[in-house]
Structure formats: structure tokens, C-alpha cells
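Student: Supplied in C-alpha cells, the structure appears directly below.
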Amino acid sequence: MNSVEIPGPPVPSYYNESWKLISQGAEARVWLVPNFIESDATETATSSLASTVICKERFPKAYRHPSLDETLTKSRTKAEAKNLNRCRRGGVSVPVVLAVDLNTKGQTIASDSKSEQENQRNSACLFLEYVHGETIRSFLNIEQEESKEEPPSKRQKVDGEHDHAVIHKKVITRVDAYAEKAAYEVGATIARMHNVNIVHGDLTTSNILIRNPDIPEVTSVNDWKPDIVLIDFGLSSTSVNTKKTSNHEERAVDLYVLERAFVTTHVGSEDLVKEVMRGYKATCQSSDSVFVRLAQVRQRGRKRECFG
Amino acid sequence: MVSTASDKACPDVIGNLPVPPPSAYNIRTNNKGQTIVIGIEGSANKVGVGVLRYCPHTKSYETLSNPRKTYVPPTGQGFLPKETSWHHQNHIVALVRSALSEAFPNVKDPSSEISAICFTKGPGMGGPLRSCAIAARTLAKIWNVPLVGVNHCVGHIEMGRVATGASDPVVLYVSGGNTQVIAFSDGRYRIFGETIDIAIGNCLDRFARAIGLSNDPSPGYNIEQEAKAPGAKFLEFPYVVKGMDVSFSGILTFVEQEARDKLQGGQVTKADLCFSLQETLFAMLVEITERAMAHCGQNQVLIVGGVGCNKRLQEMMAEMVKQRGGSLCAMDHRYCIDNGAMIAQAGIMALQHGITTDMKDTWCTQRFRTDQVEAVWRPSTVWKHT
């Protein structure tokens, strides 16, 4: 997946060779930008942030109608930046927003592919703190040889990209005490986000990072505190609970999406889901109403079955 | 007689488990050792009978005949369960006769060739499903062959896999009653994203009714033609993607309102509405399909179901897949439109791996999720999605 040549649309005009494509998701391309802050900038201002940052580039989607494409690209980038800042102010661990560019002109690298329509459309870039860590998804996946068992500490490390198909290996879900603690903290982090009236909209185990995935052998569960970071607020929204409207629906859908992401990508993770819910319940201010709604959402999920 | 099976034989799908010999499960074969099944489909407004043959020497599946009848309701109306059932009851016997005589032109007693009867167990409309199930049970009793209940959605998928040779694609299933993004994982077809309210086809059909488009040949087709009008303007409609899921009911309400308020005064045209609706709905579908591809690390897409016939959807999907460096399987009538052969296809795969349905279990159900079926013909231990 991480090929050297850059597929798809033109790259941002300020792109240079030092940029590294780390993932091309459905929504955007994520670049690693090594020298975002000039080295002669004041040391104090940059000491907490490494000079390496992430550029999340929402590139034009050729399949979409240009005006729909522009609306979606801009509004999602704007919303993402705003909601990340709201989360940060509310004490939720998310990447720091460093810069936003809603009208990024493109430059074409490969001169042979001249698709004029694509060149006319601009992309939108969001510069974010680079979070060192691992996705919860790879944290929970333990790769095993088909026949013999390996100790859980031998889990693979992946920095955000997808694994390739491995035929002879089997992936099982990590369900030890550390995984449970991480799941609990995931629930608590989501609750803190909901407490500041943000709903994520796309909670999957790939969109939740853990800063400290490597647990030293000697550390006991009690001494280890998972440091959870929520990323990818591309589909996030704000929803305020007023007398007229309740935001329990959106919150419940958030939990439901995560629950399904767990069950579909991590076989045998039912107990982890319970931990997520426990962590959520302990931290969320209106968890009871959300859980009532969640029960309805699940029900709806089962019934939305098919005709014809 | 008009031929209904124009397609070449398709090799057994790569990625499936090897087909066991028929004797392993006491499957009756014809004197050439071939397994031949009949598939009966009637979950919505189409009733179809397909005859499908598996030849062990060439290891290939071939559709021998696949006739079909469609109930077309008057303009401004949808197809109602009662009328649709009557339609199916009226045509099913003639369809079986015509399917058999086309498949076995020179055979005196075609029933001796048949190994099993496959029928749609669900999901679908109750009345039409039961009408076809009764036909299936009757044939099974007369000919003394086993029955195989088939999930309609799995029928689409399996026919798509066989016809295109795509071993493990991400499937977008879009029809009048279903909108799902499906990928295979751990022995089942998992639903990665779906509609949280009405299906895409339902949304299009009801919109067509609201602006008075004909149901002949299908409402979706007429919307597609209308949208092609030169100068159709793009209007902004709600765009509802929730994670992997989509929602259409709000858009439908919105565009029905727009039609009521603005169509008569000429502020918008039917073409504008059709064009904008298609662009918006299909962009949502392509987006969630792309999400599923990114999630599963897959790069092949197969569109099945009636709405898959829409050229604009095909075009947009192809564009997306191109941008990702993947491939899109071509559209085909065998899996885009409901038919008997696709039920036979999913049924024969189950039959060959020893699955039949006892008479007492041959009831139908309106609710039958794609992920309820264990796809025993595919290896479940091979993990492709991590």
C-alpha cells in the first residue's frame, strides 16, 4: 500500500520530496511532514511539539460533482479543525491543530497524466501534531502462526497502515488485563469528548491511538495507564443538549459504530466492548440516557433488514 | 423460443473450497455425473426460474436457462404484496415449464436430471416469497429431490463472484430493498455499512412516484434517463453519511418537498431534481464503499442488485476505484437484476457442501440478514482482513 510513487490526484503546492505518504484512507491522504517548523524558530515554542507534523489532505474526489465535492471537502476540514480545538479545550486528548488551509492549490508530479478537471479543483489541508503511538486496532491484534502459539508480547507493530493479507498467519484478539484497561480508558475518553458536546461520527479501532503501546515486562496492570488519543474528526459534529433537542441519539450512534467496529474487526472482543461501556458510564454525565438510546439504536440495527 | 441463458460457463470460483464429490453427501447426479439445480426467485416484483449445471470435468457452472417475469405497477403506485403475489402465482408454473424445456430440449423427462430445488428463503416480501416457496416444495415432493433455502443477498453475491471470477471483492448491494456494503470475513459475509432507514431503490422509486415518472421498465431507469437532460443543474441536498452507514429518508423528504414547492413554478425542473438526487445518493454510496475498501485493505469492488444497473453509479464507482488503483467488476444482468439462476448458484454451492433444508424448515422470512448465513463453501480460517 505504501508504494513510492504517489497515486491519484496532484499533491499540495507546498509538497516537497521530504513528505512521506503514510496512509491513503477513503477520506484523505495523510502525509508525514518532517520540517514543518523551521529549525531557527524559537526553541521554547517548538519544544513540546516535534518539528515533524501530519498533513491531512482532503484531495478532490473525481467521482463527485465538483460543487458537492467542494462543499464536503471544505466543510469537513473546517468542522474537523473546530471540533479538535473544542476537544482540546475540554481536556480530551486529541492532536493539536497547527494550521488549516481550505484552498490548497495542487501541483502535478507526473506530467503525463493531465486530467484538467482534477487540476482545477483544490484540496484542503489540515496540519496536525504527529502522535507517536499505535492504533488500538493493531494494539489488539496478535498475529499467530496457524499451528503454534506465540506469547502475546510478540504482537506486530503497525503505524497506521493496513496489513497485507497473510495466509499462513492467524490474527487473534488481545484480551488480557492490559487490553481491558485500554478499552476502559477508550470508553472514558469518548465520554469526555461527549461531555464537551462533540460526537466523533466515525469511531473505529483505527481511529483511536495509544501513545504508550509498549508495556515493559515488569509493569503490572496497576502501574500502567494507557494514554489514549482520538484522531480523525472528519465526520465529527457538535450537538448540544437543549430542552428541545437531545443529543443522545448521536452519542448512542457513536457508541454503536464503535461497538460494531470492535465486533467486526476483533473477533472475540465482547468483553472489551463491555469495558469500553464501563469506562464510558463512569465518565459520561448522561450515560444512562445514552445507554437507553443505544439499546434502541441496536434494535433498529437488527430490524433494518431487507426487503426485495 | 427466445433464449434466456446467453452466458458462457464460468469456472468454479478461485478462493472457494474444492467441490466435494457428489457422493460425499448423497447428491443425486445425472448420468454424466453433473449436478443440476433449479433456482426459484420471487422476493420482490420479479419472479424467475433458473436452471444451473455444475460439470465436474470442466469444473464450471453454467446457466442453462433463466426466464423471468416482472410485475410492473401502474404509474404513481408501488408494487403491493397482494398484487405481486398474484402475479407470481400466475406465472410460476409457466416459467418452470419454459425453463425446463429450454434447458433440456431433447429430454423426455427433465425431472430425472434435477439434483435439488433452490428457493429464496428471504429477505423479501412475505406473500411473493411464500408463493414461490410453495412452488418449490411442490416440485421437490413430486420429483423427490431435496430443497435448499437461499438467502437472496448471498445469491446476488455468489452469482457476482462466479460471473466475474472475483474471488473476494468488497460488495456493494444496492436494490429496492437493500443497501449494504459487504465484505467476507471469518466464514460469513459481514455487513460493514448499510442504510439505517430506507433502501436506495426505495428512495428512488418513491421519488419517481412523487414526480410522476413511469414504472416501466423501472422507476430508477427513468430517473437515470431524466438526469441525462443537458443543462441539468446541481442542487444541494442533505448528505447523510454516518461512519460506515448512510441514511436516505431525510433526503427523500427534502426532495419531495422541493418537488412540491418548486416544480410547478418552474424554479427547478424534473431533470435538475433527478440529476442532483442521483449525484448525492451515489456519492454517499461510493464514499462508504471506499471506506470499506480502506478498512479491509481490498481493492476490488463488485456492485450487485437492481440499482447496480445505473450507469452513473457504475461510472462514479469506476472513478473512485481508479483513484485508488483498484478494479471494478463489470455490470451483469445475472447479478444486478433478481433472477432464478443466482438463487440456484448460491444454492448449489451450499448443496455441494452438504447443506439442504428439511421440509419443516422451508418457511420464508421477510427478515434474513446477509451475515446470518454461514458460507461453508469458502474457507473460514483464511484471514484476509486484519
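Student: What strands (runs of 3 or more DSSP E) lie completely within region A:168-244 and have 3 or more residues being more than 14 Å from chain B (Cβ to nearest Cβ), at positive phi and out of contact with any strand residue (DSSP E or B) (no Cβ under 8 Å at 6 or more places or on another chain)?
Tutor: Strands (runs of 3 or more DSSP E) meeting the threshold: none at all.
Student: Among B:137, B:130, which is the only one that is in a helix (DSSP H, G or I), in contact with a strand residue (DSSP E or B) (Cβ under 8 Å, 6 or more places away or on another chain) and more than 11 Å from chain A (Cβ to nearest Cβ)?
Tutor: From the options B:137, B:130, the qualifying one is B:137.
Student: Using beta carbons and a limit of 8 Å, which pairs, at least six apart or on different chains, have the first residue in region A:48-77 and farther than 30 Å from residue B:312 by Cβ and part of a strand (DSSP E or B) and the second one open to solvent by 40 Å² or more (accessible area, probe 1.4 Å) and not hydrophobic (A, V, I, L, M, F, W, C)?
Tutor: Qualifying pairs under 8 Å: A:53/A:130; A:54/A:130.
Student: Is it the case, given these coordinates, that residue B:321 is over 28 Å from residue B:45 (Cα atoms) and in contact with a helix residue (DSSP H, G or I) (Cβ under 9 Å, 6 or more places away or on another chain)?
Tutor: It is true that residue B:321 is over 28 Å from residue B:45 (Cα atoms) and in contact with a helix residue (DSSP H, G or I) (Cβ under 9 Å, 6 or more places away or on another chain).
Student: Could you tell me whether any residue of region B:119-128 is open to solvent by 60 Å² or more (accessible area, probe 1.4 Å) and either over 17 Å from residue B:362 (Cβ atoms) or among the charged types (D, E, K, R) (or both)?
Tutor: For region B:119-128, residues open to solvent by 60 Å² or more (accessible area, probe 1.4 Å) and either over 17 Å from residue B:362 (Cβ atoms) or among the charged types (D, E, K, R) (or both): absent.
Student: Got a sec? Which of B:46, B:59 is open to solvent by less than 60 Å² (accessible area, probe 1.4 Å) and in contact (Cβ under 8 Å) with a residue 40 or more places away in the chain?
Tutor: So the residue among B:46, B:59 that is open to solvent by less than 60 Å² (accessible area, probe 1.4 Å) and in contact (Cβ under 8 Å) with a residue 40 or more places away in the chain is B:46.
Student: I'd like to check something: does region B:356-371 contain any residue that is open to solvent by 50 Å² or more (accessible area, probe 1.4 Å), among the basic types (Lys, Arg), within 14 Å of chain A (Cβ to nearest Cβ) and under 18 Å from residue A:64 (Cα atoms)?
Tutor: no
Student: Anything in region A:265-308 that is part of a loop (DSSP other than H, G, I, E, B) and at pLDDT 90 or above? List them, or say none.
Tutor: Of everything in region A:265-308, just one residue is part of a loop (DSSP other than H, G, I, E, B) and at pLDDT 90 or above, namely A:284.
Student: Can you pull out the residues in region B:193-250 that are of a type outside the set (A, V, I, L, M, F, W, C), more than 9 Å from chain A (Cβ to nearest Cβ) and more than 30 Å from residue B:69 (Cα to Cα)?
Tutor: B:193, B:230, B:231, B:233, B:238, B:247, B:250
Student: Give just the number: which of (1) open to solvent by less than 10 Å² (accessible area, probe 1.4 Å); (2) not in a helix (DSSP H, G or I) does residue A:262 not satisfy?
Tutor: In the conditions (1) open to solvent by less than 10 Å² (accessible area, probe 1.4 Å); (2) not in a helix (DSSP H, G or I), residue A:262 misses (2) alone.
Student: Name the pairs whose Cβ atoms lie under 6 Å apart, with the first residue in region A:256-281 and closer than 15 Å to residue A:136 by Cβ and within 14 Å of chain B (Cβ to nearest Cβ), the second hydrophobic (A, V, I, L, M, F, W, C) and surrounded by 15 or more Cβ atoms within 10 Å (Cβ to Cβ), and 6 or more positions between them or separate chains?
Tutor: Filtered contacts from region A:256-281: A:257/A:203; A:258/A:203; A:259/A:273; A:262/A:273; A:266/A:140; A:269/A:262.
Student: While we're on this one: So for region B:226-242 (the condition being touching a residue at least 60 places away in the same chain (Cβ under 8 Å) and part of a strand (DSSP E or B)), does at least one residue qualify?
Tutor: So far as region B:226-242 goes, no, none of its residues is touching a residue at least 60 places away in the same chain (Cβ under 8 Å) and part of a strand (DSSP E or B).
The values are calculated or read from the model by the stated rules, or taken from the named source; none is laboratory data. For clarity, every value in this text was computed on a predicted model and none was experimentally measured. Cβ: placed from backbone, ideal geometry, glycine included. Neighbour counts: every protein chain shown. We work out accessible area using only protein heavy atoms, side chains counted, and drop any ligands, DNA or RNA first. Shrake-Rupley method; radii C 1.70, N 1.55, O 1.52, S 1.80 Å.
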